[in-house]
Amino acid sequence: MERYNPTLKENSRTLRTNMTDAEQVLWHRLRRKQIQGVQFYRQKPLLTFIVDFYCPAAKLVIELDGSQHFETEHQAKDQARDAALAGLGLRVLRFDNRQVLLETEAVLEVIDRMVKEQL
């Protein structure tokens, strides 16, 4: 089990009940082991972060980014976050919300390929 800050648990529960449209679309396709038979978790605390989706079997984190993530300040934070997660041996995939909503099948193909590579 990966380390996390226990104070994030309540926040992660709140995020699970208030998912964005893109998160809902992707979760519908990741849940119940639909990709390569592996378990995904949503809004999972890891270290001092809450990641959007996490697959421990494939050591894979999936982040869905809204438009604010294109701002310089957010990009720097995202890079630091990705580096910290990489320090745990995790790979981070990032998609923007529009990509998930408009190109769902292409996003799923990338996720499927990454999971296959990691197993």
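Here are some notes:
- Set of aspartates and glutamates with alpha-carbon distance to Lys33 below 16 Å, sequence-local pairs under 8 removed: Glu109, Asp112
- Kyte-Doolittle mean at least -1.0, axial Cα span of 24 Å or more - DSSP H helices of the chain: none
- Relative contact order %, the chain, counting alpha carbon pairs below 8 Å whose residues are six or more apart: 25 percent
- Annotation for Asp112 and Lys33: the two label points, set 7 Å from Cα along the Cα-Cβ direction, are 1.8 nm apart.
- Ranked by the mean number of other Cβ atoms within 10 Å per residue, highest first, peptides 6-15, 82-91, 95-104, 45-54 order as 45-54, 95-104, 82-91, 6-15.
- Note on the chain: the C-alpha convex hull projects to 7.1 nm² when averaged across all orientations.
- Choice from Glu73, Glu109, Glu63 with maximal GNM fluctuation in the chain (Cα, 10 Å cutoff): Glu73
- Cα centroid separation, region 89-119 to region 3-19 (Å): 22 Å
Every number here is computed from the coordinates shown, using simple stated rules; none is lab data. Note that the structure is predicted; figures quoted are calculated from it, not measured. Please note: Cβ atoms are built from the backbone with ideal geometry, for glycine as well, and neighbour counts cover all protein chains shown.
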